[in-house]
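Here's the structure, in structure tokens; my notes come after.
FYI, it's all coordinate maths here, none of it is from the lab. Keep in mind that this is a model prediction, so the values were computed, not measured. A quick note on method: Cβ atoms are made from the backbone with ideal geometry, for glycine too, and the neighbour counts reach across all protein chains shown.
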Amino acid sequence: MGKLKYFAALAALPGLAGAEVTPRQADAGLESLPVERMCGAEGAIGYRFGATDGPPKMMAMPGATDMRLDPIFAPFERAGIDSTTWSNRIYAANYVARFADPAAALAAIQAIAKRFERLGWSADRGTTDEAASERTTMSYVAPGPGEVHLYWPAGAAGADGGDGVRIELSRLGTEVTFSCKSLPFFADHVQEALGLLPDGIPRPSAPLLPLPARPDSRLCADPARRAELFASRPEDSELMRYVVQRTKFRERLVTWKMDRLRKSGKLSDAQMMKLVMSGLDSPAAAKGGQAALDLLGDMLGQLDAVAAAGRAKDEAASCRAVVALIELTEKIGVAVDPQWTAIETAVDKEAARLGIRLD
């Protein structure tokens with residue numbers, strides 16, 4: 001079924017990385033960058049491919065980087081973990097760094113690629129925009145000029161990269177994205193994102209989570225409470241888990257119901273998409289989508305505030321920005337709820353009309 005309308009706008013938003021890195025800083029840092037920890041055959045930065053213990057995400061979008069990284073990973077300052085839409089299995093880790101100019105970004109890509117090639121990975125280097133366009137598919141974006149894809153085990157390349165791991169080193173302006181992706185679990189994610197679920201999947205159950213106490217920015221005046229907040233990883237707070245799991249449940253339930261409709265054979269793919277869009281176009285859903293989009297703009301501002309406070313080593317400001325991020329995440333969850341309700345209502349009505357049981 002894909003994500004809700006407002007998520008598409010994220011593709012045009014500026015990057016979320018922190019300080020810019022000059023060519024000299026990049027050269028000095030990349031040779032000591034712990035690349036083996038950033039991507040391996042079994043997982044990345046302590047997370048194992050296929051595991052279900054990924055952290056909740058402030059922005060439920062593949063590729064979002066809303067986790068702070070240890071300084072040893074500089075020039076990469078933020079990371080994100082992606083999990084399969086339905087089964088919640090980890091399939092990718094993503095990192096972002098910003099450089100002083102495009103030349104420095106392209107040089108960094110080549111330096112990182114050479115590090116992995118020395119470890120035995122095979123490289124697929126982009127040549128021209130035309131060649132990249134010819135090789136790009138719905139689920140695969142080929143490397144463009146100056147970009148590199150790397151494969152483990154060595155030898156695989158392209159959209160059908162086999163059963164191993166693919167690293168995608170890409171650039172947008174001065175920003176470099178490093179994506180480490182398990183190809184088998186990514187293939188599962190694509191199927192699940194399209195709403196194609198295995199037969200016999202039971203109806204999802206609502207998470208039994210109490211609403212945690214909301215954070216209060218007044219705690220940021222207390223060094224001990226600030227330390228407690230930072231020690232518990234703000235992006236993995238109880239409120240974050242509550243919001244993400246509740247939102248994820250609505251998405252999973254709608255996906256499950258649509259899968260039942262699809263498997264009935266009574267609706268074409270085009271009719272299924274029209275059904276979804278009819279829900280999204282309802283007044284309540286449209287209003288909620290616009291509210292969520294506005295809140296996402298606020299969230300990007302707070303992410304910049306977190307980065308700026310970190311560079312200034314201002315713990316109190318970092319704390320206030322993080323608390324604001326957590327609150328915004330909750331508000332976004334509330335804002336998108338009418339969209340899921342509208343889609344689910346449309347699906348339920350169509351199922352009743354066709355005599356299909358959704359239980």
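Put simply, the C-alpha atoms of segment 129-175 give a gyration tensor, and the ellipsoid matching it has half-axes of 19, 13, 9 Å, longest first. The protection proxy used here, the mean number of other Cβ atoms lying within 10 Å of each residue, ranks peptides 343-355, 105-117 as follows, highest first: 105-117, 343-355.
Using the average count of surrounding beta-carbon atoms within 10 Å as a protection proxy, the listed peptides 192-204, 298-310 rank, highest first, as 298-310, 192-204. Charges were assigned to the Cβ only: +1 to each Lys and Arg, -1 to each Asp and Glu. The resulting dipole of segment 221-354 about its Cα centre is roughly 640 debye. Taken about its Cα centre, the chain carries a charge dipole of roughly 820 debye when the Cβ of each Lys and Arg holds +1 and the Cβ of each Asp and Glu holds -1.
Any chance you could check the Cα centroid distance between segment 338-357 and segment 69-90 for me, in angstrom? So the separation of the two Cα centres works out to 35 Å. Span-like helix check, the chain: qualifying full DSSP H segments, with Cα axial length of 20 Å or more and mean Kyte-Doolittle of 0.0 or more, are 102-118, 283-311, 315-354.
With the Cα gyration tensor of segment 32-90 giving a ≥ b ≥ c as the square roots of its eigenvalues, does the rule (a/c under 1.5 for rounded; else a/b larger than b/c for prolate; else oblate) give rounded, prolate or oblate? Oblate shape, in that a/c is at least 1.5 and b/c is the bigger or equal ratio. Expressed in units of 2.2 N^0.38 Å, where N is the residue count, the Cα radius of gyration of segment 221-354 is 1.38. Of the cross-linked pairs K287/K331; K57/K274; K57/K181, which ones have a Cα-Cα span greater than 21 Å in the structure shown? Exceeds cut-off: K57/K274.
Among the listed values (1) 23.8, 80; (2) 30.8, 125; (3) 21.3, 67, the one matching Rg and Dmax of the Cα atoms in Å as calculated from this structure is (3). A simple spin-label model places pseudo-atoms 7 Å from Cα toward Cβ; at S268 and T127 they are separated by 3.9 nm.
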